[in-house]
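Since every read-out is calculated from the coordinates, none of them should be taken as a lab result. A quick note: this is a predicted structure, and the numbers were derived from the prediction, not measured. Cβ placement follows ideal geometry from the backbone for every residue including glycine, while neighbour counts extend to all protein chains displayed.
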Amino acid sequence: MKTIIYLFLNLICITASAQTGLYSLITIPEAIKSKASIIVHSENIDLKIENSEKASLSVHKIFTVLNDEGKDALVFNEFSSKNVLLEDAEIKVFDSNGKLKEKHKKKDMMTTSVGEGLIADGYVTYYHITTTSYPVTVEFDYEQKFKSTLSIPDYRFINLGEGVIESNYTATVPADIGFRYKAFKTSIKPVVTEEGGYKLYKWTVKDLAPIEYEVGAVSVNSRYPHIAVATDNFSYYGFPGDLSTWKTFGSWIKELYKDLDVLPAERQQFFIQLVKDAPNEKEKIKRIYDYLQHNFRYVSIQLGIGGLKPFSSEFTDQKKYGDCKALSNYMKAALKSVGIKSYVAIINAEYNEAPVDPDFPSNEFNHVILCVPSKNDSIWLECTSSTAEFDELGTFTENRNALLITDEGGVLVATPKSRSSANTFSSLTVVKMFDDLSAETETGFTVNGEYKEIMNDILKDKKDDQKEAFVSYFGFKQPDNFEFTKDELSNGHKSKLRMALENIPEFKTGNKLFISPRIYKMWPTPLPKSENRKFDFYFHFPFEKHDTTILKLPAGIRPDALPKEKELKCDYAFYKSKYWYNESENSIYSEAMLTLKQHKILVSDYPVVKKFFDDIMQDDTQKIVVKKL
């Protein structure tokens, strides 16, 4: 009897295994799969470093995509360049019963050049796996060859929406190369062994629940747990270097820029004449920066030593274009012409990216800016933008650790934090209301910083896209007709919006009309929920907003009740609104101001900040009550 029961149970197990596929989902703990869109069953990443200019990475990964939210994982996508080669690749696709239904080699995949500049930056080999149903199980197997150890892949063992059953990363390195590693947001440690003159470092993770997406949680590179790896000694395009300290790495970069910041004598004389009557050094820098902004354009060009060595300042001067390193180097040469010392600075640029770790020298940089040092306040210049404010860094590069390339080598320094006063939005709106309750409005905008960039982008858009921007982004009332124009003399700081509105009241009761105090919202969109939040929240930038709206009433209408004044405060922000009636004009004035002092909100403080902005939205729902006489 026991034998029969055993055989019966064994048959059930075999049947269940066949029905659930190559890798069963039944045995996976609910905590791992309940909120996952992808299950990583097995992952083995093997890094082998032969010497400072030769390394390889092999990846074998088996995962199941559970639903449409995980469909991005069905795209194989690997970058190649002169320095990184995709040696081989294979994809296998299994159906829900574990049956192999597709197999693709590298020759079956698409390879295309990529780059936003004048030439290709490299190549991407990709293949899109199509499926009509889920779950679908995929096996990736590929190998990359590296001709340098300047940038070797970190161990990133979990991505958004992934539940991980097991993942392994093994680094095999020569003992004399100076291999370093550091754990971020994880406590896992490697098992270290020795084999045939090499050291082996092996990290393993098991049974990890997925990381859930949170709106406003930016800087993917820093918020996910990972192991960063680097070598002290490296070679890049045949140029050996030392990455053991920021100073030695900066010295290596300095050699790439050597003698490239010298302009011809006649061009040096041009800049001397340009600033000859400037009252001080800051004005000299500003004049040259203005010249750069109005006469040069940014183009991404990944030439030189693997995209790290700039064009000469003379070449950039002739062509009137360049990438970040070429334009920064040109600005450096122009300042040098008038006796002003400056330094190029390499930086990890990305919206709200975390600063590089000062205690772990590595090549985490992807952008170049310029710094003019001062004992008091150094001047920082973004040389790729034709509209950026002088001496203002936006959230693309603010609050980072930039590596200044000085005569003595690299020096890691902090860039300034964004200030609310650098991003200002001021509006004055006159709403002329007619007897039929329609209205014509005219709004004058005065903007600065990031708001200036936004307005300039909207001005370039088609009319339908402009309307969408004002309605969706700023919370304006839907216009029946509108015209958006810029003030040509204000250098992008001023613009005007004229709108026609068929019906200005929100609703009416008897002879009373209920009208919003402004034609747009001081804060139009609710912040994400605060319950169970795990990551810090980032606004796009700190800011100061101020609005004055004048509602001009027709002769037969008078105010009946005005909204109550409101004042809100928290550690991060301030808000105030007030309202009054000017009898001689028969006009109602609404005034509101909102300041966000800093845009990074610690997760512990987020509930308070969310309530603050919810209260602003509630204040926006107040109505001016007027009555027909």
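Considering only L208, A573, H493, the residue lying farthest towards the positive end of the dipole of the chain is A573, judged by Cα position with unit charges set on Cβ. In a simple Cβ point-charge model (Lys, Arg +1; Asp, Glu -1; nothing else charged), region 27-234 has a dipole of about 180 debye relative to its Cα centre. Rounded, prolate or oblate, given the Cα gyration tensor of region 27-234, with a/c below 1.5 counting as rounded? Cα axes put region 27-234 in the oblate bin. Relative to the longest principal axis of the Cα atoms of the chain, the long axis of helix 450-460 lies at roughly 80 degrees.
Among the listed pairs K512/K566; K375/K496; K247/K375; K35/K610; K477/K600, those with a Cα-Cα distance over 32 Å are K375/K496. Could you list the residues of region 66-106 with an amide nitrogen less than 16 Å from a label point located 7 Å from the Cα of S133 in the Cα-to-C-beta direction? Residues 66-68, 94-102 qualify, since their backbone N sits under 16 Å from the label point. Dipole magnitude for the chain: computed about the Cα centre from +1 point charges on Lys and Arg Cβ and -1 point charges on Asp and Glu Cβ, it is near 620 debye. Within the chain, which is the longest segment that contains none of the GluC sites (Glu not before Pro) sitting in a DSSP loop with at most 14 other Cβ atoms within 10 Å? My reading of the result: 213-407 is the longest stretch. Assuming charge only on the beta carbon of Lys and Arg (+1) and of Asp and Glu (-1), the dipole of region 245-417 about its Cα centre is about 460 debye to the nearest 20.
Please compare each pair in K254/K452; K33/K107; K460/K494; K82/K319; K182/K332; K286/K341 to a cut-off of 23 Å on the Cα-Cα distance and tell me which ones are over it.
K254/K452; K33/K107; K82/K319; K182/K332
Go ahead and run the numbers for FRET between T548 and D68, Cβ-Cβ distance against an R0 of 51 Å, rounding to 0.05.
Numbers: r = 47 Å, r/R0 = 0.93.
Calculated value: 0.60.
Summed over qualifying helices (DSSP H, 4 residues or more, each -39500 (n - 2.57)) and divided by its residue number, the chain shows a 222 nm mean residue ellipticity of -5500 deg cm²/dmol. Each part gets one Cα centre, and for region 266-326 versus region 408-425 those centres are 21 Å apart. Cα centroids of region 143-164 and region 238-262: 26 Å apart. Note on the chain: Rg/Rh from Cα positions, Kirkwood definition for Rh, rounded to two decimals, is 1.04.
With contacts taken as Cα pairs under 8 Å at a separation of at least 6 residues, region 215-295 carries a relative contact order of 12 percent. Summing charges over neighbours of P361, with a neighbour being any other residue whose Cβ is under 13 Å away from its Cβ, gives -2 when K and R count +1 and D and E count -1.
Can you check what the net charge comes to around F535, using other residues whose Cβ is under 10 Å from the Cβ of F535 (Lys, Arg +1; Asp, Glu -1)?
With Lys, Arg at +1 and Asp, Glu at -1, the net is 0.
For region 163-235, averaging the sequence separation of C-alpha pairs within contact (under 8 Å, six or more residues apart) and dividing by the residue count gives a relative contact order of 46 percent.
Quick check: the angle from helix 324-337's long axis to the longest principal axis of the chain, C-alpha only, nearest 10 degrees? That works out to roughly 60 degrees. Summing Lys and Arg as +1 and Asp and Glu as -1 over all other residues whose Cβ lies under 12 Å from the Cβ of N586 gives a net charge of +1.
Looking at region 529-584, which trypsin sites (Lys or Arg not before Pro) are in a loop (DSSP not H, G, I, E or B) and have at most 15 other Cβ atoms within 10 Å?
K529, K534, K564
Along the axis of the charge dipole computed for region 46-101 (Cβ charges of +1 for Lys and Arg, -1 for Asp and Glu, origin at the Cα centre), the listed residues S81, L57, V93 are led at the positive end by V93.
In percent, rounded to a whole number, the relative contact order of the chain is 10, using alpha-carbon pairs under 8 Å and six or more apart. With axes computed from alpha carbons, what is the tilt in degrees of helix 281-295 against the longest principal axis of the chain, rounded to the nearest 10 within 0 to 90? Computed tilt is about 80 degrees.
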